[in-house]
1. Pick out the one residue from 143, 133, 149 that is within 20 Å of residue 108 (Cα to Cα) and either at pLDDT 90 or above or assigned to a strand (DSSP E or B) (or both).
2. Restricting region 130-151 to residues that are surrounded by fewer than 22 Cβ atoms within 10 Å (Cβ to Cβ) and among the aliphatic types (A, V, I, L, M), which is farthest from residue 271 (Cα to Cα)?
3. What number of residues within region 261-306 satisfy the criterion of being under 22 Å from residue 85 (Cα atoms), in a loop (DSSP other than H, G, I, E, B) and not acidic (Asp, Glu)?
4. Would you call residue 213 of a type outside the set (Asp, Glu) and farther than 25 Å from residue 51 by Cβ?
5. Looking only at region 310-369, count every residue that is among the acidic types (Asp, Glu), more than 15 Å from residue 294 (Cα to Cα) and either without any contact (Cβ under 8 Å) to a residue 60 or more places away in the chain or in contact with an Asp or Glu (Cβ under 7 Å, 6 or more places away or on another chain) (or both) and tell me the total.
6. For region 324-340, which residues satisfy the criterion of being of a type in the set (A, V, I, L, M, F, W, C) and either at positive phi or part of a loop (DSSP other than H, G, I, E, B) (or both)?
7. Quickly run through region 227-277 and pick out the residues that are within 20 Å of residue 314 (Cβ to Cβ) and over 12 Å from the mean Cα position of the chain (by Cα).
8. Mind listing whichever residues of region 196-245 are assigned to a helix (DSSP H, G or I), of a type in the set (A, V, I, L, M, F, W, C) and out of contact with any Leu (no Cβ under 8 Å at 6 or more places or on another chain)?
Amino acid sequence: MKGKILAICVVALFVVGVLTPITETTGKAEIKERKFEDTRPIIPVLTEKGMRISFSAGFDIKGKPPGVGRDKAPTVTITNPEDGATVSGTVTITVTVDDKEDGSITPDIYIDGDYVATAFSYDWDTTTVADGSHTIRAEATDSAGNTGSDTITVTVNNNGGGGGGGTGDGVVRKWALCIGIADYEGTANDLNYCDDDARDWANFLNGEGYHVVTLIDGQATADNIEAAIDELLANEDGDDYVVFTYSGHGTTYRNYGSCMISADMVYITHGWFEAKFDAADSSHIFFAFDACKIGGFKGVVTDGRVGAFASNKDYSYDGTSDMQNGVFTYYEMEGWTYYNNFEDDSAYAVQKMEEWAARYANVNVDPFYVDKYTGDMMP
C-alpha cells in the first residue's frame, strides 16, 4: 500500500513539473496588452494642422508647468502658401508671429524637417526637391522658453504630375516603410516584439523586391517618421506598389481619435496620416497596423488600397515567447505560407487572432481589414 502511495506521489510530481511550464507559456500571465499609459502634464500632438500642445485632464494651465513659462506660447502662422496647395517654381514662404509678452519674434523655417532660414519670408526653389508631398514648418520660442509652431503640407508639381492616382513612368517599382517601436522613452511603455514585427515585414517585403526603409525603436521619432513618409511619397508614382507597416503603441485621444505613438512620445493622429497619403499617386497601397485602438486609421484606406488592423477599439497584444511577434503580425507572417495576396493574408490574420484570443488568452480582440482594391492585391 505504501508503495502504491509513493508511486502516485511520484507521478503527480512529474505531471505538475511537466505541465506547469506549458500553462505558463500559453497562459494569460505571459500575454501583454500593448496598452499605452501617459501621465505627462503636457502632451505633443501631431495633427493635419501641425504640432499642437495638449494639457492632460486636471492639469492647471494657469500654473507654471515643468519647463514652460507662465506666459502663453507665441502664435505662429504660415500665411503663404496655403495648407494643401500645389506649388511649382519658386515659392515665397511667409510667416507671422505674435507673442503677447515679447511682441514679434523671428521664426525658424524648416522644409521636410531641415532648417532653411530664420526669417519672416523665404524664397523656396521647389525644383530642388522631388515632385510630391512636402512639409513646411515654422516655429518661434519666446523669452520664457515657450515654443509655438505651424506646419503645412504642400504638393510640389514641376513635371505635370498630380497627387492621388497620378500617372507613372511605365515602370513598376516597389516601396515600403516599416516602423516598429518596442523601446519607448522611459520604461513604463516598453513592449516586447514590435521591433521584430518591423524586421519580419522588412524581410518579407525585401524578398518580394521592395525597397524597404525601417525605423526601429529610437529611430522612429515623430520627425523621422514624417521625413520617411515624405520620402516614400516623393519616390512613388502611379505605377508603383507601396506598403506601410506600423507596430507599436496606439491609443485614442480626445478630439483626435486614433493615434500612433512615436518613440519620443508624440501622438501622431490619423487625420495627419490621412492627409499625408492623400497626396500619394499609387493605386496599389497596403497598410498594416499592429497597435491598440487603431481603428480610426481605416480612413486612409481609399480606392486602390487595402488595410489590415490588429484592433478597432480594443487592445492588440504581444504574443507569447514562442511567437516572437505581436499576435496579429505573427499570423500575418504565417498567412504568407498559405496565401499570395494581401486580402487573403489579412483575412487569415483576423481569423487566427480571434481564435487565439478565444482559445488561449480569453481576452477581447476586434481585428479587421478593409479592402478597396479591385481584384487581388499581390505584394
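The values are calculated or read from the model by the stated rules, or taken from the named source; none is laboratory data. Bear in mind the structure is a predicted one, so any value in this text is a computation, not a measurement. No Cβ is skipped: glycine too gets one built from the backbone with ideal geometry, and neighbour counts run over all protein chains shown.
1. Working: 143 fails: either at pLDDT 90 or above or assigned to a strand (DSSP E or B) (or both); 133 fails: within 20 Å of residue 108 (Cα to Cα).
It is 149.
2. Once the filter is applied, the top-ranked residue is 144.
3. The qualifying residues number 5.
4. No, not satisfied.
5. 7
6. Residue satisfying the conditions is 336 alone.
7. 252, 253, 254, 256, 257
8. 201, 202, 204, 205, 227, 233, 234
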